[in-house]
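To start, the structure under review is shown below, and the notes come after it.
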Amino acid sequence: MRDKAWIVCYLMAIFVLLTACTDSGATQPPAASGGNQEASGSGKMTDVGTPRSETLIVDILSGRSPDPDRMNPYMPGAVAMDSGLHQLIYASMWEIDTVKGEQIPDLAATMPEPLDDTNTKFRFKIQEGLAWSDGVEFTADDVQYTADMLLKTKEIGYSGYFSSLVKSMKAVDKTTIEVETVQPETRLAQKLGVVIWGTSFRVMPKHIWEKEDPTQFKFTDPVGVGPYKLSKRDPQGNWFLYEKREDWQKSDVGKLVGEPGPRYVLFKYFGPEEKRIVAAIQHDMDILQDITPESWEVLRQKNEYAKAWYENFPYADMNDPCERGMSFNASKAPYDNEDVRWALTLLTDIKNVSMATFGGMLRVSPIILPPISVLQETYHKPMKDWLKEFQLSDGYKPFEDTYAKDMVDMLKQQGIKGLPTDSAEMENTFGVGWFKYDPEEATKLLEKAGFKKEGDKWLLPDGSPWKLTINAPANFEVQSMRLAFAVADSWRKNGIDVNVQQMDAATFWDSESTGNFEVGSYWPACGLLPDSTANLQGWNKEYIVPNGQQAPGNRNRWANDRVSGLLEGLNAMEPSDPKVIADITEINKEMVKGMPFIPMFGTSKFVPVDTYYWQGFQNAENEFEGPWWWWSQFKFYTPNYKPSGN
Amino acid sequence: MKNWNFRLKAGVAILALFLILGMIFPFFYTGNPIEWGTYPKNLKPSADHWFGTTNLGQDTFWLLAKSLQNSFVIGLLVAFFATVIGALLGLIAGFKGGFIDRLITLMTDSFIVIPSLPILILLGTMLKGRASLLYIAVVLIVFNWPWPARQLRAMALSLRERDFINTAVFSGSGTFKIIVKEIFPFVAGWSLANFVNTILVAIGSESGLAVIGMSSNEKATLGTMIYWANQHQAMLAGRWWWIGSPVIAIALIFIALFLTMTGYQQYSALRRGK
Amino acid sequence: MDFYKFLLSRILTFILVVFIGITAVFFVPRFLPSDPVEAMIGQMTSKSAFLDPKAVETLRETLNESFGLQGSVLSQYLGFFKRVLLTQDFGPSLANYPAPVNELIGRALPWTMGLLLTSTVISWLIGNAIGLLAGFRKEKPYSKALEAISIALYPIPYYIFALVLIMLFSYIFPVFPLTATFQGAGFTWEHIRSLIINSTLPALSMILVGTGWWVISMKTISSGIAEEDYVHFARLKGVKERKIMSRYVLPNAALPQVTMLALQLGAIFNGALVTEILFGYPGVGTLIYNSILQADYNLIMGTITLSIIAVAGATFVVDFLYPFLDPRVRYK
């Protein structure tokens, strides 16, 4: 009898364990004291000993730092720059305004102006009246020192590229810099300043660095021109506490924007996603980095103060500068045939793929540039007429512009509220349209390429079964990983034996660069500025190397003379030249024709905030910037954030 | 059957239930249970969907049945071969001594000292995702036989000095015969425990492999089920039927095996009249 | 004489095993279709940081040179042995360049040792005690209850089990902190207190799941011994049950368990990956895991060599101690 009793007990225990945790959120008081201690006086304290109401807590995207004492940004072993270092301390010459799609001055006061028509000599001014966080004045000498140091120290990884770009950088006086470049340059500010995420060219304080060996220096007490200084760190590398500078007026943000709101900013790694969500539910984290849509659902239901980009569906921010899709190795048969690549495009049931990947919270893109607002206006919408008329070699018109409307209908049926109603807004949210799901046309294309269908399975031209492997990131990039599985599901339903191979980061990237893939969930499709010349550079055929060798660019090994020619022409043009947009549009058309990469969706970022302690965060209604918490422009957001009074 | 104790009965009953669920039920399902979007998402358990549906639009019950099938196959294969290979090599080494002992010990020790994770990732990458379940089983066997081998060698060392073994040796029995007839009965209990444990280890390692991308996450196993449920935050979102079914299944299978094992020991002790 | 021969042969095996292990671990990652430089570039790509193809090219050259990866694999192999044998220096970590591998391990090891030594030994003691009771005193209700609990916890996948513990004790009943924040340093009360608070849950999770196996193996062994003739004689002679258990059954049953314990203690140097990730606890497990993900050859070699030596050392000690524990076994 006892035996029976313990089995029953056990079953009940397991049931309780599993269900207890799931139904708990509702009963959770809003200000649960999680890992915090009550202060002796009034308000709540964080576990690093600062008043919670004065501390903004931000998730760290890159995880734990193995060696939290290393902050020398020129060494790979440094604490990840997005653990708060480049967001709050280090500054660069030019920053980016992603809403307008143009660069703005940061440490530099002006953009580089050419001194003659060789495009090799430039001059720019730097900001006056700024100081390093240790009080020493910031001058042009610091910029020159940093440049000289990079040119001189060959052991620094960035040095090679910097020396191929810059011949010399001289301080003419305290606020003026003159640059001489190795080659004629038309886009110096893009190459030295921030376009996406950050830049490697971070100016270091001469008065500290000149006494040290830059390859060995740890820079344990980092000093920068940004508005914060490092106050405390976790010896285990899980968190970094930053405090507002007393002389914040002399920081870049202080001078250019105003006083940062939070007195303290705590960058902290909370561990796996489950724990990060729990922390956000308990109001122990104000800004979350990437989470999955499912986690967002949970957070939204259990914390009414949690806000994502849009107030309603699709919630996510979709202006991330990279788009996801299926990348082909165009040097491997049968994927060297554009009919095969197009057949696979038409076998992709894009609406179901969207549902399976992120529950429909995705914006489609039919071209190689990401569907972010700025680029949609510059390329996607103007190209719509061309796309509609575009024909495959047999005269078939693959494009249809009904995606947005169909998605809205489909989602409405599932009972989702708050969807956009007018067609312009639908298009802005869900994209301009995509290619038809048309297995019949795909069959024609495949049969033309010599494929045969036996029963419901496809055979390769040589008669063997068509097996296809999609390389996918293991867990480090959720959208691309899920996309691979969803696309595989769609292709498999059409008789192709598809297999998804999940790979850890090193193997995944190495396979791309050595061409060790057939189809991969890679994303060689990024862009932010309307002048996306720099991002498209990699498609030049000069970078193609044989499979097995590491390619610096053009990892799809897709050779197209017209694209290569256009790219070289673009390099010589000034960014302001109106022909730039026209030529990039032409490149986009060539890419649609050749389809070396099936563009699918922009990246949907779930990067929510908790408005319980802080307010003033950017969102779709208050879009002074995008929610790029891991970018160096973070410091420019801080003046907008104000305590909520809780 | 009539002398069976409660443990044996309960264990065999639960085990039979799962075997039927895993080995027979999948044949009654015409579709492909792992295909996405077959049913509406996230339905709670009902008459139509006994265990509800997943966030990927699969029926949890049929998915579980298919997963049980695959996991059973892996678990049993690994447990059987790892235990048999380990037991044979370990007993031979312990009993024979000398050069053979040294050679086998060197082999087992070398396998034991190399941590398996890097090797597993390597093998996974070389196979480029076409990892069949059989292949995964073979890899797991490779990493699971040295433990019982070492353990049983130690036991054999001790048994070798006993009188009845000496008697057997002097009476001229062959080595293999002695090992199987005289020594094995003494280590059978431990081997059985190891067998049961290895089933669990195999099912557990498979789910670990699934996470690092070496198992094929498109194949239904208990491990990949947990993997997908975790990926979609089933626990936090309160989808207990999804995350719960594979976890409870693993636990119950193990308990059933354990009950059967201990029950059988009691039963046979009773029969021997002790 | 026998003893010295035995000692010599064991030392030789030890060296051979370590050598084979290290060699395997040296070559295996180099057959991986990945390399540290590409991993680093990939990481930047993941964050969508823009990289000019030219920048990729120069970065690769510079890093290959500073990482010492240009020579043939064989010369790297010889270089590795020379450096490690002469200076015990594993060189710089590649992913965390130029942080020395020795320093990174030195940081992580004390945490791993502290957590795993405690939890392994405690679960061994508890598990064997319960197993002995369950095997020898089958009929007592308390031994049944204890057995049931530990067997029931054992098969739950550890990741899930630990997560449930976290949800229970850091979320629903917030007894323990959600993330580990260690206060103070050195032998201060503040430091020790925060160590205890932050380590309880991870240790508890490992102990609860860890006991199961010891219970099962101890139970099978001891119930086998309980049927041996000498136990029956002892009983007939009127020796007390408690004495039979401690004098007759325990010493014989403990032997294999000691072997396994020693091996487990050696394996401590592999760290506890899932525990470290879930509880945000520092340790060697994450170090090894990340070094593999980033193809950080030097760090892989450093961490795994340590683990190989530890496990091989443990097996060596076990073989050596065996005859002391079991007088029936001679050195052979």
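With the requirement that a residue be closer than 22 Å to residue C:63 by Cα and at pLDDT 85 or above, what does the range C:97-124 give you? Let's see the steps before the verdict.
Going residue by residue through the range C:97-124, those that are closer than 22 Å to residue C:63 by Cα are C:97-104.
Across the range C:97-124, the qualifying residues are C:99, C:100, C:101, C:102, C:103, C:104.
Checking the condition at pLDDT 80 or above and surrounded by fewer than 13 Cβ atoms within 10 Å (Cβ to Cβ), which residue from C:75, C:93 passes?
Sole residue among the options that is at pLDDT 80 or above and surrounded by fewer than 13 Cβ atoms within 10 Å (Cβ to Cβ): C:75.
Considering A:524, A:546, A:530, which residue is within 17 Å of residue A:559 (Cα to Cα) and either within 9 Å of chain B (Cβ to nearest Cβ) or touching a strand residue (DSSP E or B) at 6+ places or on another chain (Cβ under 9 Å) (or both)?
Within the list A:524, A:546, A:530, the selection yields A:524.
Working only within the range A:472-506, note down all residues that are over 20 Å from the mean Cα position of the chain (by Cα) and either modelled with pLDDT under 90 or in a strand (DSSP E or B) (or both).
A:497, A:498, A:499, A:500, A:501, A:502
Of all residues in the range A:203-232, which are basic (Lys, Arg) and touching a Leu at 6+ places or on another chain (Cβ under 9 Å)?
Scanning the range A:203-232 gives A:229, A:232.
Can you confirm whether residue A:141 is assigned to a loop (DSSP other than H, G, I, E, B) and more than 30 Å from the chain's Cα centre (by Cα)?
no
Say we look at the range B:238-274 and pick out the residues that are within 10 Å of chain C (Cβ to nearest Cβ) and not in a helix (DSSP H, G or I); which of these is farthest from residue C:135 (Cα to Cα)?
Top of the filtered list is B:272.
Being in contact (Cβ under 8 Å) with a residue 60 or more places away in the chain, among the aliphatic types (A, V, I, L, M) and either surrounded by fewer than 24 Cβ atoms within 10 Å (Cβ to Cβ) or within 13 Å of chain B (Cβ to nearest Cβ) (or both) is true for just one of A:306, A:316. Which residue is that?
Working: A:316 fails: either surrounded by fewer than 24 Cβ atoms within 10 Å (Cβ to Cβ) or within 13 Å of chain B (Cβ to nearest Cβ) (or both).
Sole residue among the options that is in contact (Cβ under 8 Å) with a residue 60 or more places away in the chain, among the aliphatic types (A, V, I, L, M) and either surrounded by fewer than 24 Cβ atoms within 10 Å (Cβ to Cβ) or within 13 Å of chain B (Cβ to nearest Cβ) (or both): A:306.
Return the residue satisfying two criteria in turn: it lies in the range A:208-222 and is closer than 30 Å to residue A:261 by Cβ and surrounded by fewer than 21 Cβ atoms within 10 Å (Cβ to Cβ), and of such residues it is nearest to the other protein chains (Cβ to nearest Cβ).
A:220
Give me the residue from the range A:623-646 that is of a type in the set (S, T, N, Q) and within 14 Å of chain C (Cβ to nearest Cβ) and, out of that set, surrounded by the most Cβ atoms within 10 Å (Cβ to Cβ).
So, considering only residues that are of a type in the set (S, T, N, Q) and within 14 Å of chain C (Cβ to nearest Cβ), the one surrounded by the most Cβ atoms within 10 Å (Cβ to Cβ) is A:632.
Could you pull out the residue among C:286, C:211, C:305 that is within 30 Å of residue A:271 (Cβ to Cβ), modelled with pLDDT of 85 or more and in contact with a Lys or Arg (Cβ under 8 Å, 6 or more places away or on another chain)?
Step by step, each of C:286, C:211, C:305 is checked, and only C:286 is within 30 Å of residue A:271 (Cβ to Cβ), modelled with pLDDT of 85 or more and in contact with a Lys or Arg (Cβ under 8 Å, 6 or more places away or on another chain).
Answer yes or no: is there a residue in the range C:81-99 that is within 14 Å of chain A (Cβ to nearest Cβ) and of a type in the set (Asp, Glu).
Looking for residues that are within 14 Å of chain A (Cβ to nearest Cβ) and of a type in the set (Asp, Glu), one finds none in the range C:81-99, hence no.
Grab the helices (runs of 4 or more DSSP H) fully contained in the range A:263-373, keeping just those with 1 or more residues being touching an Asp or Glu at 6+ places or on another chain (Cβ under 9 Å) and not assigned by TED's automatic domain parsing to the domain that holds residue A:53. Spell out how you get there, then give the answer.
Details: elements: A:273-281, A:293-302, A:338-346, A:350-358.
Correct list: A:338-346, A:350-358.
Yes/no per residue for (1) more than 10 Å from chain A (Cβ to nearest Cβ); (2) buried (at least 23 other Cβ atoms within 10 Å of the Cβ); (3) of a type in the set (A, V, I, L, M, F, W, C); (4) not in a helix (DSSP H, G or I):
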residue: C:123; (1), (2), (3), (4): yes, yes, no, no
residue: C:129; (1), (2), (3), (4): yes, no, yes, no
residue: C:139; (1), (2), (3), (4): no, no, no, yes
residue: C:142; (1), (2), (3), (4): yes, no, no, no
residue: C:148; (1), (2), (3), (4): no, no, yes, no
residue: C:163; (1), (2), (3), (4): no, no, yes, no
residue: C:169; (1), (2), (3), (4): yes, no, yes, no
residue: C:175; (1), (2), (3), (4): yes, no, yes, yes
residue: C:182; (1), (2), (3), (4): no, no, yes, yes
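Suppose the filter is surrounded by fewer than 21 Cβ atoms within 10 Å (Cβ to Cβ), at pLDDT 95 or above and in contact with a strand residue (DSSP E or B) (Cβ under 8 Å, 6 or more places away or on another chain); does residue A:585 pass it?
Judged against the criteria, residue A:585 is not a match.
For the structure I just gave you, tell me whether residue C:218 is out of contact with any Ser or Thr (no Cβ under 8 Å at 6 or more places or on another chain) and either in a loop (DSSP other than H, G, I, E, B) or buried (at least 22 other Cβ atoms within 10 Å of the Cβ) (or both).
Working: out of contact with any Ser or Thr (no Cβ under 8 Å at 6 or more places or on another chain): yes; either in a loop (DSSP other than H, G, I, E, B) or buried (at least 22 other Cβ atoms within 10 Å of the Cβ) (or both): yes.
Yes, satisfied.
Look through A:607, A:563 and report the one residue that is buried (at least 21 other Cβ atoms within 10 Å of the Cβ), among the aliphatic types (A, V, I, L, M), without any contact (Cβ under 8 Å) to a residue 60 or more places away in the chain and at negative phi.
Exactly one residue qualifies, and that residue is A:563.
Can you name the residue in the range C:221-241 that is more than 13 Å from every other protein chain (Cβ to nearest Cβ) and surrounded by 13 or more Cβ atoms within 10 Å (Cβ to Cβ) and, of all such residues, is nearest to residue C:321 (Cα to Cα)?
C:234
What single numbered condition from (1) more than 30 Å from residue A:319 (Cβ to Cβ); (2) at the interface with chain C (Cβ under 10 Å from one of its Cβ atoms); (3) in a helix (DSSP H, G or I) fails to hold for residue A:154?
Here residue A:154 clears every test but (3).
Please determine, by comparing only the residues of the range B:215-236 that are in contact (Cβ under 8 Å) with a residue 12 or more places away in the chain and hydrophobic (A, V, I, L, M, F, W, C), which one is farthest from the other protein chains (Cβ to nearest Cβ).
B:220
May I ask you to say which residue of C:288, C:268, C:308, C:244 is surrounded by 24 or more Cβ atoms within 10 Å (Cβ to Cβ), more than 12 Å from chain A (Cβ to nearest Cβ) and assigned to a helix (DSSP H, G or I)?
C:308
Looking only at residues that are surrounded by 24 or more Cβ atoms within 10 Å (Cβ to Cβ) and in a loop (DSSP other than H, G, I, E, B) in the range A:223-244, which one is modelled with the lowest pLDDT?
Of everything passing the filter in the range A:223-244, A:238 is modelled with the lowest pLDDT.
Of the numbered conditions (1) within 14 Å of chain A (Cβ to nearest Cβ); (2) more than 16 Å from residue B:229 (Cα to Cα), residue B:35 satisfies every one except a single condition; which is it?
(2)
Does residue A:198 satisfy being more than 11 Å from chain C (Cβ to nearest Cβ) and buried (at least 21 other Cβ atoms within 10 Å of the Cβ)?
no
Give the residues of the range A:140-167 that are of a type in the set (Gly, Ala, Ser) and at pLDDT below 95, sorted by residue number. Full working, then the answer.
Taking the range A:140-167 and keeping what is of a type in the set (Gly, Ala, Ser), we get A:140, A:147, A:157, A:159-160, A:163-164.
The answer is A:157, A:159, A:160, A:163, A:164.
The values are calculated or read from the model by the stated rules, or taken from the named source; none is laboratory data. Remember, predicted model here, so these are calculated numbers, not experimental data. Don't worry about glycine lacking a Cβ; one is built from the backbone with ideal geometry, like all the others, and counts go over all protein chains shown.
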